[in-house]
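A short worksheet on the structure shown next.
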Amino acid sequence: MTADDPKSKPSDSAPKAANQLWGGRFARGPAAIMERINASIGFDKRLYAQDIEGSKAHAAMLAEQGIIGREDAAAIRAGLDRVREEIEAGAFSFKTELEDIHMNVEARLAELIGEPAGRLHTARSRNDQVATDFRLWVRDAMDRMDQGLRDLQAALIEKAEAHAATVMPGFTHLQTAQPVTFGHHLLAYVEMFGRDRGRFRDARARLNESPLGSAALAGTSFPIDRHATARALGFDRPMANSLDGVSDRDFALEYLAAASIAAVHLSRLAEEIVVWCSHGFRFVRLSDAFTTGSSIMPQKKNPDAAELVRAKTGRVIGALNGLLVTMKGLPLAYSKDMQEDKEPVFETDDTLALCVAAMAGMVRDMEPQPDSMRTATERGFITATDLADWLVRVLGMPFRQAHHITGRIVKAAEERGVGLDRLDLAAMQAVEPRITEAVYDVLSVDASVASRTSHGGTAPEAVRKAAGAARERFL
Ligand code: ARG
C-alpha cells in the first residue's frame with residue numbers, strides 16, 4: 001500500500017511488527033483497517049518542507065542549549081537536507097505504516113544518519129511539531145492568497161479605468177435604479193477583495209506565534225529556548241501557553257473563514273458575469289478562452305468558468321463548517337480529531353487559488369459592451385431620482401413631495417411610452433406648472449452620472465480618482 005493510493009488494501013492481513021518509533025509498549029502492529037483510518041501521510045506530505053524547517057530550527061536550538069551535541073545537530077541538519085532533496089526529486093518513498101509526514105521524515109533520517117536521528121525528538125512531541133508545521137503552511141498560503149487577490153484587484157482596476165465613463169443601469173432588487181458607470185461597479189469589487197486581503201493579513205498576525213516547545217502538552221523539563229526557535233521560523237514570539245499551543249486551530253478556522261468570505265465575493269461577481277453574458281443583458285462578452293460550447297445547441301457560448309467559480313464557493317464554505325464542527329467538542333489538549341484539520345484547508349487553498357486566478361483571467365478577457373449597457377439605461381425611467389432632486393434644488397420642494405410629483409410624471413411618461421428625457425414640457429407642467437425647460441439638463445444618463453461627484457460616487461471623474469487611489473492603496 002502506498003501513500004498515493006490510500007484506498008488500496010494491504011494484501012497481507014497478518015499482524016505486522018510493532019512500530020519502530022513507539023514499539024516499546026506494543027507487542028504487534030495495528031490492524032490493516034486501523035492503519036488506514038490512522039494514516040495521514042496521503043495528505044500531510046504536503047507539509048514536508050515546513051516539517052523539515054521546523055526540525056532544523058529545533059535541532060539547532062537543542063545544540064545551542066547544550067541538550068544535544070553539535071556534531072549530532074550538524075548530522076541532523078545535513079540529513080534533513082538530503083531528505084528534502086529526495087522528496088523534491090520524487091525519490092522518497094512515503095510509507096503508510098509510518099502514519100504521517102513527521103514519522104516518515106524521521107524514519108528516513110534514521111536510515112541516512114543513524115543514531116543522531118534519535119536525538120532530534122528530544123523535548124518535542126508530534127503535537128507541537130504538527131501545530132508548528134501547519135501554522136507555517138497556512139502562513140505561506142495566506143501570503144500566496146494575498147498575491148492572487150492583489151492580481152485580481154489589478155485586473156479590475158485596469159478595466160475600471162478603461163470604463164470610468166461607460167454608463168450602465170445600476171440595480172437594486174435587480175430592478176433598474178439609477179445610472180452608474182461600469183468602472184464604478186468594478187471598483188466595488190476592488191474594495192471587497194481589499195477587505196479580504198485585510199482579513200488574511202489580520203489572521204496572519206494572530207497566527208504568527210510559535211507552538212514549538214509546547215511539547216506534548218505541558219512543556220518540557222529540558223532547558224529549551226522557545227524564543228530562538230520562534231525567531232528562526234519567522235514567528236513573532238512563542239505561544240504563551242503550552243496547552244493552547246498544541247490544541248489551538250483558530251488559525252486554520254480564521255483562514256477558512258477569510259477564504260469563505262472571499263469565495264462569497266467571487267461568487268457574487270461570477271453571478272454578475274453570468275447575468276451580464278446572458279442574452280437579456282449582453283453587457284459583456286467573454287472570448288472563447290473563458291467559455292464553452294454546447295454539444296447540441298450550436299449557437300451557445302456558456303460562461304462555464306464563471307458558473308464554476310460560483311459553484312466552488314460551496315466547497316469552501318463546507319470546509320469551514322466541517323472544521324468548526326470537528327473542533328467544537330474537543331477537550332484540551334491534543335486529540336487525534338485534529339488530524340482532520342488539514343484536508344479542508346488544503347482543498348480550500350487549491351480551490352480558492354484556482355477561482356481567484358480564473359476570475360482575474362475572466363476580468364482581463366471580458367469585453368464590456370457599452371452600447372447594450374446604454375440601451376438598457378433607456379428603460380425604467382432611470383433618471384427619476386434626478387428629476388426629484390431637481391424639484392428639491394430648483395423649486396425648494398420638500399423631498400417627500402418631490403418624490404410624489406415625480407411619480408406622477410413617470411406615470412405620464414409611461415402612458416405615452418416615452419422616457420423622461422423625451423417627455424414634453426407641457427406634460428410635465430400639467431403635473432407641476434413651475435417646471436421649466438432647464439429640467440432636461442438633469443434627465444440624460446450622462447448628466448446623471450456626471451452629477452454624482454460625492455465621495456465614493458459614480459461620476460466618471462470621481463471613478464478615475466477612485467481608481468488612482470485604489471492603485472495607491474492596493475497595488
Ligand atoms: N498526524 C498527526 C496530526 O496530524 C500528528 C500528531 C499526532 N500526535 C499524536 N499524539 N498522535 O494531527
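Things worth noting here:
- Label point 7 Å beyond Cα of ASP441 along Cβ direction - residues of region 376-412 with amide nitrogen under 12 Å: 390, 394
- Each residue of region 73-170 gets 188 Å³ once the volume of the Cα convex hull is shared out per residue.
- Relative to one another, the C-alpha centroids of region 343-402 and region 172-202 are positioned 8 Å apart.
- Above 16 Å, the calculated P(r) of region 325-403 contains 75 percent of its Cα-Cα pairs.
- You can think of it this way: the chain between GLU88 and ALA289 has 69.0 nm of extra reach, that is 0.36 nm per residue less the Cα-Cα gap.
- Entry note, the chain: the mean residue ellipticity at 222 nm calculated from DSSP H runs of n ≥ 4, each adding -39500 (n - 2.57), is -19500 deg cm²/dmol after division by the residues and rounding to the nearest 500.
- All aspartates and glutamates inside 15 Å of LYS411 as judged from Cα atoms, apart from same-chain residues fewer than 8 positions distant: ASP421, ASP424, GLU432
- For region 243-343, the convex hull spanned by the alpha carbon atoms encloses 123 Å³ per residue.
- Vicinal HN-Hα couplings computed from phi for region 355-364 (Karplus, 6.51 cos²θ - 1.76 cosθ + 1.60; Hz; Gly/Pro x): 5, 5, 5, 5, 5, 4, x, 5, 5, 5
- Of the residues ARG124, ARG197, ARG473, the one with the fewest other Cβ atoms within 10 Å heads the list, and the complete ranking is ARG473, ARG197, ARG124.
- Computed over the chain: relative contact order in percent, which uses C-alpha pairs under 8 Å that are six or more apart: 16
- Taking 7 Å steps out from each Cα toward its Cβ at ARG231 and SER278 produces label points 6.1 nm apart.
- The HN-Hα couplings worked out from phi for region 439-452 by the Karplus form 6.51 cos²θ - 1.76 cosθ + 1.60 (θ = phi - 60°) are 4, 5, 4, 9, 8, 8, 5, 5, 5, 4, 5, 4, 7, 8 Hz, whole numbers, x standing for Gly and Pro.
- Calculated on alpha-carbon atoms, Rg and Dmax of the chain in Å: 30.9, 101
- Summed side-chain charge close to LEU330 - residues other than LEU330 whose Cβ falls under 15 Å, Lys, Arg +1, Asp, Glu -1: -3
- Applying a DSSP loop filter and a limit of 15 other Cβ atoms within 10 Å to the chymotrypsin sites (Phe, Trp or Tyr not before Pro) in region 11-114 leaves TRP22, PHE26.
- For the pair ALA469 and ASP81, a Förster radius of 35 Å applied to the C-beta separation gives a FRET efficiency near 0.15, rounded to the nearest 0.05.
Since every read-out is calculated from the coordinates, none of them should be taken as a lab result. Given the structure is predicted, the values throughout are model-derived calculations rather than measurements. Backbone-built Cβ (ideal geometry, glycine too); neighbour counts: all protein chains shown.
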